[in-house]
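One structure is given below, encoded as C-alpha cells.
None of the figures in this text is laboratory data; all of them are computed from the coordinates on show. What you see is a predicted model; the values in this text were computed from it and never measured. Reconstructed Cβ throughout: ideal geometry from the backbone, glycine too, with neighbour counts over all protein chains shown.
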Amino acid sequence: MLRRFWRAETGIFLAIWLVLMLAGRSSLLRDPGTFWHTIVGQKMLDSGEIVRTDPFSFTRYGEPWTAHQWLAECGMAAADRLAGWDGLLLLTATLLAGIYTWVAWRMLRAGFHVLWVAGVLALVLLASSHQFHVRPLVLTIALIGWTFALLVDVEAGRKRLRQLWWFVPLAALWANLHAGAAAGIGTVGLCVAGWCLLWLMGKDSPVRRLSDAIALAALVLTSGLAVLLNPYGLGLPRAWLKTLTIPLPGLIQEHARLDPADPLAWATVLLGIGYLVALAGIFPRRPRVTWLMPLLWFVLASQRVRNVPLFAITAAIATAEVLPRTRWAEWLVRREVLLPDRENEPRRFDWPVAALPLVLVVAAMLLQSAGISAPLLGRGWAKHDEAVWPVELLPQLEQINLTAPENTRIFNDMSFGGFVIYHAPRLKVFIDDRCALYGTEFLQAYDHARRKDPAQIDRWQQQYGFRYALVKTGTNFDRYLNDSAAWKIIQRTPTATLYRLSACDERAEK
C-alpha cells in the first residue's frame, strides 16, 4: 500500500514544490509583468471584453494594444481574486513542480537511477531558475516539454504518427496563452521537415509514404492557421514579431544574452556539455531528428536567456532518450547510473502516487481562499521583495492614488511601471515593460536618458505634464532629480525615491 502511494516521483514533486514555495515566496514575484498581467486579466473579467487599447500609460493611452497573453492573464486574475498573491505563488509553484516531476518520470522510465535523476533535475532547475516568475512563460515551458516529448515518442515508435494531430488544438490554445506557441510550431515544423528529408533519402523515418508526408505538411499548416483563432486575428502574431524585432537586451533582462560571468549561466553550459557528451555516444550511427533539436534551443538560449528553460527541458528529455542507446550505456549500467532492460517497460503514470501532492496543494488552496494565515500553505505567505519593489512607498502611492485627480501622471522607471499599475490604478504611468506597445524609438530614447541624459526627464515633463516621479534610488534619474530645484523628495528608501514637482506645492499653498 505504501509503495502504491509513494514513489520516487512523489518525493521529487514534494521536494521541488517545497523549495519553490519557500525560496519563491518573493523571488517568483520579481517580474514587473506579474503586476500588469494580473490587472489586465481583472479588467477583462470585470468588463467581459478583450482589452484592445492601452489603459495604463499617459504616453500611449488609448492607442491600439494587443494583450496577446489574454487567456493566461484572465487565469492569473482569477487566482488573484481567489487567494491573492499566495494563490498566484501556489499556482506557479505547483505547475513548475508538476512539469519537472513529469520530466523525472520519463527519466526514471528510461532507466536512470533516482539519484542521477535528482542531479540532472537540480541542474535543469538551476539553469532555468532566473526565468521562474509568476507569468505566462511557465505555461510555455510546460507545453514545449509536452510537444517535444510527443515528437520524441512518435519518432521512437511508441506513439503513432496521427497522434501528432493533438498538437493542432493545443496550438490554438497555446497562442492565446503565450507567444511561445510560435516556438512549438517551429519545433514541430523542423522535426517534420527532417523526417520528410530522411524519407526522401531512403532512411528510417516516421514518414514511410507520400501520404504521411502530405498529412504532416497539412498538420504544420493547420497548426499555423490555428494561431489565428484568437480575438485579435492577425494582430496577435504581428505583436509577437514586433516584440522579437525590438532591440531589448539593455532594458529587459530576459532578452539579454547568456552571460558567462553569471554563475547560473554555468549550469546551462554544464547541461549543454552533458547533452553533447550523450549525443556524441551515438556516432557513428545516425542520430534521430528529435535528438538534435536541443542544439537549436542551446543556440537560442545563448542569444536570449528567456530561452534557457526551453533548452533545459528539451535537453533533459532528449538525454533520457539518447543515453541508454549510446556506447557509454554499458559502462553506465556497470556503475548503476542506468538500470538495464528498461527499454520495453510500459510508460504509464501511476496516478495514486499523486495523491499526497494533490492533498497538500488542495489544502493550501483551501486555506488561502478562506483567508487563513499559515506559514507556507496559508494566506500571507507570499510577499514582495523590498529590495526590488518600492514597498515602503506604498502608503504614499496609495495616498496619491486616492487624493489626486483621476489619471494623474507619474514618471517612473520602467521596472516600476507594473507595480504602479497594480497598486495605484488611478495613476497613469510613463512606461512599463510592454515593449511592443512603446516601440523601438521610444524605448531607445528612454534607455539613452536613463544612462546618459537624465535631464531629458524635464523635457518630458514639459511635454507630458506629469507631477510625480518614482525612480530607483542611486540611479542617474535619482541624482538629477535630487539636485534639481524643480523637484522635491516625498520619501526616499534604499530601493526607490518618490518625488513631487515643486510647483505642485506652490499651487497647494496658494
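Assorted remarks:
- Under the Debye formula (equal points on every Cα, no solvent term), log10 I(q)/I(0) of segment 122-180 at q = 0.20 Å⁻¹: -0.83
- Whether the chain is rounded, prolate or oblate, judged on the alpha carbon gyration tensor where a/c under 1.5 counts as rounded: prolate
- Cα shape, segment 1-144, gyration tensor, a/c 1.5 rule: prolate
- Taking only the C-alpha atoms of segment 391-509, the Rg (one decimal) and the largest Cα-Cα distance, Dmax (whole number), read 13.4, 42 Å.
- With R₀ fixed at 51 Å, the C-beta to C-beta distance from residue 362 to residue 483 puts the FRET efficiency at about 0.40.
- Placed amide H near residue 409: partners under 5 Å, 5+ positions off or other chain: 428, 467
- For segment 377-392, putting each phi into the Karplus relation 6.51 cos²θ - 1.76 cosθ + 1.60 with θ = phi - 60° gives couplings of 8, x, 6, x, 6, 5, 8, 7, 6, 5, 7, 10, 10, x, 4, 5 Hz, in residue order, rounded to whole numbers and with x for Gly and Pro.
- Fully extended contour minus Cα-Cα distance, from residue 52 to residue 114, at 0.36 nm per residue: 17.4 nm
- Computed packing ranks the peptides 443-452, 77-86 as 77-86, 443-452, most packed first, by mean other Cβ atoms within 10 Å.
- Helix-only CD estimate at 222 nm, as mean residue ellipticity for the chain, using -39500 (n - 2.57) per DSSP H run (n ≥ 4): -19000 deg cm²/dmol
- Cβ-defined net charge surrounding residue 449, 15 Å radius [Lys, Arg +1; Asp, Glu -1]: 0
- Once the C-beta distance of residue 336 and residue 280 is scaled by a Förster radius of 30 Å, the resulting FRET efficiency is 0.85 to the nearest 0.05.
- Modelled spin labels at residue 63 and residue 4, positioned 7 Å past Cα toward Cβ, are 6.2 nm from each other.
- Cross-link reach list, lysines versus residue 452, counting only Cα pairs under 21 Å and skipping chain neighbours closer than eight places: 472
- Here the residues 438, 100, ranked from fewest to most Cβ neighbours within 10 Å of their Cβ, fall in the order 438, 100.
- Sequence ranges 482-494, 172-184, 281-293, ranked by mean other-Cβ count within 10 angstrom, highest first: 172-184, 281-293, 482-494
- Euclidean distance of C-alpha centroids, segment 398-439 and segment 47-122, integer Å: 24
- Stokes-Einstein D in µm²/s, Kirkwood radius over Cα pairs - segment 351-394 at 10 °C with 1.306 mPa s viscosity: 130
- Among residues other than residue 115 with Cβ under 12 Å from its Cβ, the summed charge is 0 (Lys and Arg +1, Asp and Glu -1).
- Surrounding net charge for residue 161, when Lys and Arg each add one and Asp and Glu each subtract one, Cβ distance under 15 Å: +3
- Of the DSSP H helices in the chain, those whose Cα atoms cover at least 27 Å axially and whose Kyte score averages -0.5 or more: 8-27, 70-109, 137-156, 181-200
- Residue order, fewest to most beta carbons within 10 Å, for 468, 480: 480, 468
- If you sort the three axes of the alpha carbon gyration tensor as a ≥ b ≥ c, you get a/c of 1.5 or more for segment 52-129 and a/b above b/c, which makes it prolate.
- Take the Cα of residue 19, step 7 Å toward its Cβ, do the same at residue 473, and the gap between the two points is 3.3 nm.
- Segment 360-436 - Debye-derived log10 I(q)/I(0), Cα point model, q = 0.13, 0.14, 0.25, 0.28 Å⁻¹: -0.56, -0.62, -1.03, -1.19
- Too-long pairs where the Cα-Cα distance tops 29 Å, listed order kept, from 43/383; 159/203; 43/488: 43/488
- Where only alpha carbons of segment 183-293 are counted, the Rg and the Dmax (Å): 18.9, 51
- Spin-label pair residue 462/residue 403, simplified geometry with 7 Å Cα→Cβ offset, distance in nm: 3.0
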